[in-house]
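Have a look at the structure below before the remarks.
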Amino acid sequence: MAAIPGTGKLRDYYLYYAVLGELESRLEHHDKAAGYFQKALEWAELKSEKAFLQRKLVKIKKSDGGSNQARKKHLKGRIGCAGWQLSL
C-alpha cells in the first residue's frame, strides 16, 4: 500500500492499519497482522470499531498457534498451483 500515492494521509486513520492487518493475515504473516490490528485498535474511536478489531486480534493470535505446523505437515512433499497438485 505504501506504493499507492496519497496513502501517507491515511496513517492517522484506523482502517489503514486494519486493511494492512487483513492483508498480512491472508498472507499468513500473523505477527505483522497482529501488529497492524493492534495499531488500528489504538486509532479506533468507536466502541463497535474497537470490539471488531479486538476480535480480529484475538483470532489472528489464535491462528498463529498450531495451524502453521499442521499446514506445513500437509504440504510436505507436495507442489501445487491453481488447482493441480504434484506429490513427490
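Could we say that Asp31 is acidic (Asp, Glu) and modelled with pLDDT under 90 here? Here the answer is no, as Asp31 does not meet what is asked.
Restricting Lys76, Lys72, Lys61, Lys56 to those that are out of contact with any Phe, Trp or Tyr (no Cβ under 7 Å at 6 or more places or on another chain), modelled with pLDDT of 75 or more and not acidic (Asp, Glu) reduces the list to Lys61. Scanning segment 4-63 for residues that are aliphatic (A, V, I, L, M) and not in a helix (DSSP H, G or I) gives Ile4, Leu27, Ala44, Leu46.
The values are calculated or read from the model by the stated rules, or taken from the named source; none is laboratory data. From a predicted model like this one, the values you see are computed outputs, not experimental measurements. Please note: Cβ atoms are built from the backbone with ideal geometry, for glycine as well, and neighbour counts cover all protein chains shown.
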